[in-house]
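**Student:** Right, I'll just put the structure down here and ask away after.
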Amino acid sequence: GPAGDLATGRAASSPNPRAPHRSLRRGRRPAPDWMEQLVRKFIDQKLGLFVQVDPSNVQFSPGSGVFCLRQAAVKPEVFDGLHLPVALRGGFVEEVSVNINTNIFGSGAGAKVIVKNVFLLVGAHTSDWSWEHVYDCKTKLIDLVMKVYELKGALKKKKQKKTGGDATRGYFAAIQQRIADNITKHFMGMLEVHISNVHFRFEDARTQAVPFACGLKLGFVEVTSSPEGPRLRDRNGGGSRLTMATGEWKHATERCADPLFRQSVAARRVSTYWDLGVDAKRLLAAKPASGPQVKAYFMRLNLRETFSTCVVEKLLELYPLDHARRKALPGPSFRERLDFHHYILFPVSISAHTVANRASVPMLQLKAPMKDVDVVLQKLDVALDTEQIRSMNELMSFAMEFKRKDSLMRSRPADRIGKYFDDFERNRCESSSSVVSSPVPGNKVPTSSASHGATERAEQRREVVRAWWRHALAGVTLLGQLPRRSTLLADELRRKRLLKDDFVALCSEVKTLEAKMQREGKSTDTKEFAEAPKVRQLREMQLRLRLPEILEWRLSALTDVGLDVDLDAETLQAQAAAAAAQDASKPMSLQVSVRLALFEAHLLVAATHLWTYVLAPKAASDPDTYGKRVVARQLVVKATVSELCLQAVQKGHSRRLAHWVEVRVGGVGAENCCAKVRSAAREILAMEPFEVDADSGEPVCFFAGLTTLQSKDGRSEATPLDIPLGAVLEPRAGLQSHVKKFPAGETPEQLQRLGFLKDYIHEPGRLMTFGFVQVGKVRALDLKPYR
């Protein structure tokens with residue numbers, strides 16, 4: 001502004017050397033060069049492993065609080081050849097920018113996050129299931145996951161949690177909490193997030209006879225925040241209105257909310273699609289693609305989809321639901337001729353409102369939730385045809401087959417049995433040539449070296465044969481689904497512990513080897529490191545373990561090195577007890593409400609290739625016909641659910657936690673669209689309401705209540721903050737039970753209602769579940785020809 005320009009002018013003309021420093025205090029200081037170099041080094045060494053970006057497209061200024069990353073491309077070679085059923089073929093991010101106002105106590109405090117044009121392309125990964133190929137793919141996957149863990153700093157967090165945290169208590173802790181709440185209030189209260197055009201796409205022309213492409217699209221997401229006040233701007237609704245999330249318990253008479261900040265989330269054009277019969281020659285996921293290729297590919301798709309969306313929206317506006325043409329083509333049949341995709345979830349708008357309360361005394365006493373979330377959806381349309389169901393089943397079968405073969409590979413030996421029998425003649429010839437004359441005429445005596453080598457080869461052959469027999473037994477057990485030995489047996493636990501100790505010891509030795517090579521200036525990506533005996537032994541052991549076990553044990557091996565060995569057992573136990581007491585005192589309260597005005601599901605029958613052959617035999621003989629034609633679909637069944645309201649409450653702490661869930665439905669119906677409109681067989685399902693909701697005034701034809709209570713320690717004596725048993729014994733009352741007052745202990749009437757279950761309520765970890773369902777009058781039609 002003018003003041004800043006004036007200050008700069010004074011600084012330039014003033015002979016005082018301190019004048020420039022005073023002028024800089026009035027504005028934002030530029031970032032030092034060493035800071036930018038440090039950030040660029042971090043991006044090159046850490047983020048550069050996965051993303052390729054030009055240095056000129058990275059902007060970082062700590063003084064002004066600006067970070068911007070533009071034109072970033074995912075390196076496809078990093079994610080190619082991983083031991084997974086899918087592979088990331090390419091990706092592109094046009095812009096990710098964060099602008100933080102460093103004056104957190106000023107009126108304009110907050111942050112603005114912008115994400116534009118994020119494209120990810122995924123394809124199917126096939127394997128020949130040879131031992132060498134699986135060995136390379138699984139090694140690459142584990143190394144990549146460990147790099148991600150190091151990038152996220154998960155090891156440091158786990159170390160801090162393991163050694164205990166800061167157990168500061170008292171007056172200064174309250175002051176620190178108050179200051180942290182004020183900073184969070186100013187920062188989160190002015191947070192703005194804008195996310196536009198996010199597209200995840202999966203293409204497959206290998207695993208199925210009919211190529212397909214499916215994806216998830218996110219058109220626009222906006223997050224607006226406010227530090228205080230009951231009003232938020234709802235851009236989705238086009239105006240300002242009261243938020244439905246108040247921060248108070250529903251059905252509570254006492255007002256105890258103390259909002260820390262409020263947020264409103266509006267998402268538009270959220271959709272999923274599943275396109276069948278696409279041209280396999282135009283699919284990009286057949287091989288790894290560069291960033292510019294992915295950008296051009298998705299931009300072309302977005303242009304075509306945007307044009308189709310505009311046309312469809314204009315037609316839906318010109319032809320409303322009561323129009324004759326819309327009635328003749330119900331459901332998605334009217335718009336699917338012009339839609340660019342075959343949608344499973346049609347574009348929908350979602351609005352969510354959140355209120356977060358500060359950790360004050362009422363929140364600690366569970367008089368108000370820590371977070372109150374309210375989600376609203378106006379209409380949700382879902383369509384699914386028979387060909388899409390077939391394609392989904394084939395994709396799930398491919399994933400299950402990959403998992404089954406991976407389980408078989410964990411017991412498969414590295415060497416073939418035929419390897420030893422192929423070398424049998426050559427080894428025998430070598431042993432016959434290595435002989436000496438015997439004192440007995442006509443006899444030959446083999447040398448000791450040849451005899452020793454033959455004995456070793458025979459022993460190796462016998463060991464390989466035994467390993468293949470064990471692999472055959474594991475295969476029969478897996479494929480035949482035979483019962484296995486329990487993993488809780490003493491010998492199994494002992495074997496597992498010994499295996500973990502060996503694995504952790506190998507990880508430590510490999511880590512030492514890595515540090516030694518780095519000190520010598522050598523890279524760990526060379527063949528010398530990969531062929532090292534300890535590295536080879538560790539990777540072969542990883543091939544025989546499940547992926548969760550590998551990651552858990554490798555993290556354990558890395559974090560155990562960083563533990564403080566000077567602390568004795570009593571100190572560690574005291575720190576663990578203090579951390580457990582701190583976690584037990586923290587409230588775990590949450591209130592969620594989801595409202596859906598209308599839900600429509602459509603089941604369609606798609607024309608198969610056989611239909612095309614019957615109608616046009618000459619055209620069906622062309623192998624490219626299926627990819628060029630438009631798949632015809634006919635609506636068969638339409639289901640409708642109106643005025644759906646789902647409410648859930650979580651209340652308690654880590655030692656004793658309770659849940660209340662309530663589901664109310666205003667109307668349920670199903671139609672047989674193959675029958676005539678006025679036919680008696682048209683309506684196949686209908687529910688009549690049995691009551692009217694007192695709060696909303698809407699009819700209710702279906703009600704379901706569910707309550708749970710779990711005690712981790714199993715203590716029989718109850719504290720004032722513990723959830724009483726009587727609060728969960730009435731699931732019929734829904735959410736109203738958690739605000740009523742009940743005796744702290746169990747009464748004889750409550751125990752009598754539990755019956756024989758009363759003997760198990762104080763067992764540690766016991767989960768008690770209570771449910772109630774009420775349905776109105778149901779009219780259902782079962783027509784045998786349509787089964």
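The values are calculated or read from the model by the stated rules, or taken from the named source; none is laboratory data. Predicted, not measured: the structure shown is a model, and the values here were computed from it. Here the Cβ is made from the backbone with ideal geometry for all residues, glycine too, and neighbour counts use every protein chain on show. Just the protein is used for accessible areas: all its heavy atoms, side chains included, with ligands, DNA and RNA removed. Shrake-Rupley method; radii C 1.70, N 1.55, O 1.52, S 1.80 Å.
**Student:** Give the residues of region 361-397 that are under 22 Å from Gln736 (Cα atoms), open to solvent by 60 Å² or more (accessible area, probe 1.4 Å) and in a strand (DSSP E or B), sorted by residue number.
**Tutor:** Let us first name the residues in region 361-397 that are under 22 Å from Gln736 (Cα atoms), namely 362-376.
From what is left, the residues that are open to solvent by 60 Å² or more (accessible area, probe 1.4 Å) are 364-365, 367, 371.
Selection gives Lys371 alone.
**Student:** Give me the residue from region 52-66 that is small (Gly, Ala, Ser) and open to solvent by less than 80 Å² (accessible area, probe 1.4 Å) and, out of that set, modelled with the lowest pLDDT. Break it down into steps so the answer makes sense when it comes.
**Tutor:** Step one: filter region 52-66 for residues small (Gly, Ala, Ser), giving 56, 61, 63-65.
Still in the running and open to solvent by less than 80 Å² (accessible area, probe 1.4 Å): 61, 63-65.
Details: Ser61: 77, Gly63: 72, Ser64: 76, Gly65: 77.
Filtering first and then ranking leaves Gly63.
**Student:** With respect to Ser411, determine if the residue is of a type in the set (Gly, Ala, Ser), modelled with pLDDT of 85 or more and either within 25 Å of the chain's Cα centre (by Cα) or assigned to a helix (DSSP H, G or I) (or both).
**Tutor:** Working: of a type in the set (Gly, Ala, Ser): yes; modelled with pLDDT of 85 or more: yes; either within 25 Å of the chain's Cα centre (by Cα) or assigned to a helix (DSSP H, G or I) (or both): no.
Here the answer is no, as Ser411 does not meet what is asked.
**Student:** Then there's this: Can you tell me which of Gly714, Gly771, Gly705 is modelled with pLDDT of 85 or more, touching a Lys or Arg at 6+ places or on another chain (Cβ under 9 Å), of a type in the set (Gly, Ala, Ser) and open to solvent by less than 70 Å² (accessible area, probe 1.4 Å)?
**Tutor:** Unique residue meeting the criteria: Gly705.
**Student:** How about region 669-704: which of its residues are in contact with a Pro (Cβ under 7 Å, 6 or more places away or on another chain) and in contact (Cβ under 8 Å) with a residue 24 or more places away in the chain?
**Tutor:** Cys673, Pro689, Pro699, Val700, Cys701 - these are the residues of region 669-704 that are in contact with a Pro (Cβ under 7 Å, 6 or more places away or on another chain) and in contact (Cβ under 8 Å) with a residue 24 or more places away in the chain.
**Student:** Only one of (1) open to solvent by 60 Å² or more (accessible area, probe 1.4 Å); (2) modelled with pLDDT of 80 or more fails for Leu729. Which number is that?
**Tutor:** Unmet condition: (1).
**Student:** Can you tell me which residue is modelled with the lowest pLDDT among those in region 294-322 that are touching a Leu at 6+ places or on another chain (Cβ under 7 Å) and either closer than 20 Å to Val198 by Cβ or not in a helix (DSSP H, G or I) (or both)?
**Tutor:** Ser308
**Student:** I've got another one for you. Using the structure shown, decide if Leu478 is part of a helix (DSSP H, G or I), touching a residue at least 60 places away in the same chain (Cβ under 8 Å) and either surrounded by 14 or more Cβ atoms within 10 Å (Cβ to Cβ) or on the phi > 0 side of the Ramachandran plot (or both).
**Tutor:** Spelling it out, Leu478 is indeed part of a helix (DSSP H, G or I), touching a residue at least 60 places away in the same chain (Cβ under 8 Å) and either surrounded by 14 or more Cβ atoms within 10 Å (Cβ to Cβ) or on the phi > 0 side of the Ramachandran plot (or both).
**Student:** Please enumerate the residues belonging to region 725-742 that are touching a helix residue (DSSP H, G or I) at 6+ places or on another chain (Cβ under 9 Å), charged (D, E, K, R) and closer than 10 Å to Phe770 by Cβ.
**Tutor:** Across region 725-742, the qualifying residue is only Glu730.
Okay, residues lined up against (1) more than 30 Å from Leu88 (Cα to Cα); (2) open to solvent by less than 80 Å² (accessible area, probe 1.4 Å); (3) hydrophobic (A, V, I, L, M, F, W, C):
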residue: Pro292; (1), (2), (3): no, no, no
residue: Leu301; (1), (2), (3): no, yes, yes
residue: Leu315; (1), (2), (3): yes, yes, yes
residue: Leu321; (1), (2), (3): yes, no, yes
residue: Ser333; (1), (2), (3): yes, yes, no
residue: Phe340; (1), (2), (3): no, yes, yes
residue: Ile344; (1), (2), (3): no, yes, yes
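**Student:** Among the residues of region 284-340, which ones are aliphatic (A, V, I, L, M) and over 32 Å from the mean Cα position of the chain (by Cα)?
**Tutor:** Matches in region 284-340: Val311, Val312, Leu315, Leu316, Leu318, Leu321, Ala324, Ala328, Leu329, Leu338.
**Student:** Could you say which residue among Lys140, Lys112, Lys162 is basic (Lys, Arg), at pLDDT 70 or above and closer than 29 Å to Cys507 by Cα?
**Tutor:** On inspection, the qualifying residue turns out to be Lys140.
**Student:** Could I ask something else about it? Examine region 429-452 for a residue that is among the acidic types (Asp, Glu) and modelled with pLDDT of 70 or more, and state whether such a residue exists.
**Tutor:** Within region 429-452, none of the residues are among the acidic types (Asp, Glu) and modelled with pLDDT of 70 or more.
**Student:** Taking the conditions exactly as written (in contact with an Asp or Glu (Cβ under 6 Å, 6 or more places away or on another chain), surrounded by 16 or more Cβ atoms within 10 Å (Cβ to Cβ) and touching a residue at least 40 places away in the same chain (Cβ under 8 Å)), does Leu276 satisfy them or not?
**Tutor:** yes
**Student:** Tally time: how many residues in region 688-705 are over 36 Å from the mean Cα position of the chain (by Cα) and among the hydrophobic types (A, V, I, L, M, F, W, C)?
**Tutor:** 3
**Student:** Determine whether Ser642 is modelled with pLDDT under 95 and more than 25 Å from Arg335 (Cα to Cα).
**Tutor:** So Ser642 fails the test.
**Student:** From the list Thr640, Thr707, which one is under 30 Å from Leu754 (Cα atoms), among the hydroxyl-bearing types (Ser, Thr, Tyr) and touching a residue at least 24 places away in the same chain (Cβ under 8 Å)?
**Tutor:** Just a single option satisfies the conditions, and that option is Thr707.
**Student:** Please tell me if Ala744 is among the small types (Gly, Ala, Ser) and at pLDDT below 80.
**Tutor:** For Ala744, the condition - among the small types (Gly, Ala, Ser) and at pLDDT below 80 - is met.
**Student:** Another one. Somewhere in region 505-515, is a residue in a helix (DSSP H, G or I), among the charged types (D, E, K, R) and open to solvent by 60 Å² or more (accessible area, probe 1.4 Å)?
**Tutor:** Yes - at least one qualifying residue is present in region 505-515.
**Student:** Six or more apart or on different chains, Cβ under 6 Å: which pairs go from a residue in region 81-92 that's in contact (Cβ under 8 Å) with a residue 60 or more places away in the chain and of a type outside the set (Gly, Ala, Ser) to one that's open to solvent by 20 Å² or more (accessible area, probe 1.4 Å) and in a loop (DSSP other than H, G, I, E, B)? Could you list them?
**Tutor:** Arg89/Pro288
**Student:** Could you tell me whether any residue of region 750-757 is part of a loop (DSSP other than H, G, I, E, B) and modelled with pLDDT under 85?
**Tutor:** Checked against the condition, which is being part of a loop (DSSP other than H, G, I, E, B) and modelled with pLDDT under 85, region 750-757 yields no hits at all.
**Student:** Just to be sure, is Ala124 open to solvent by less than 70 Å² (accessible area, probe 1.4 Å), at pLDDT below 90 and out of contact with any helix residue (DSSP H, G or I) (no Cβ under 6 Å at 6 or more places or on another chain)?
**Tutor:** Here the answer is no, as Ala124 does not meet what is asked.
**Student:** What are the pairs, 6+ residues apart or on separate chains, where a residue within region 518-536 that is over 16 Å from Ile142 (Cβ atoms) has its Cβ under 9 Å from a residue that is loosely packed, with under 11 Cβ neighbours inside 10 Å?
**Tutor:** Lys522/Lys516
**Student:** Could you check region 488-514 and list, in sequence order, the residues that are more than 34 Å from the chain's Cα centre (by Cα) and among the hydrophobic types (A, V, I, L, M, F, W, C)?
**Tutor:** Ala490, Leu513, listed by residue number.
**Student:** May I ask you to list the residues in region 346-360 that are more than 30 Å from Gly215 (Cα to Cα) and open to solvent by 20 Å² or more (accessible area, probe 1.4 Å)?
**Tutor:** Arg358, Ala359, Ser360
**Student:** Quickly run through region 202-248 and pick out the residues that are at pLDDT 50 or above and among the polar types (S, T, N, Q).
**Tutor:** Answer for region 202-248, where residues must be at pLDDT 50 or above and among the polar types (S, T, N, Q): Thr207, Gln208, Thr224, Ser225, Ser226, Thr246.
**Student:** Looking only at region 657-667, which residues are in contact with a Ser or Thr (Cβ under 9 Å, 6 or more places away or on another chain) and open to solvent by less than 30 Å² (accessible area, probe 1.4 Å)?
**Tutor:** Selection gives Ala658, Trp660, Val665, Gly666, Gly667.
**Student:** Would you mind telling me which numbered condition in (1) of a type in the set (D, E, K, R); (2) out of contact with any Gly (no Cβ under 9 Å at 6 or more places or on another chain); (3) under 29 Å from Ser593 (Cβ atoms) Arg753 fails?
**Tutor:** Result: Arg753 passes all but (3).
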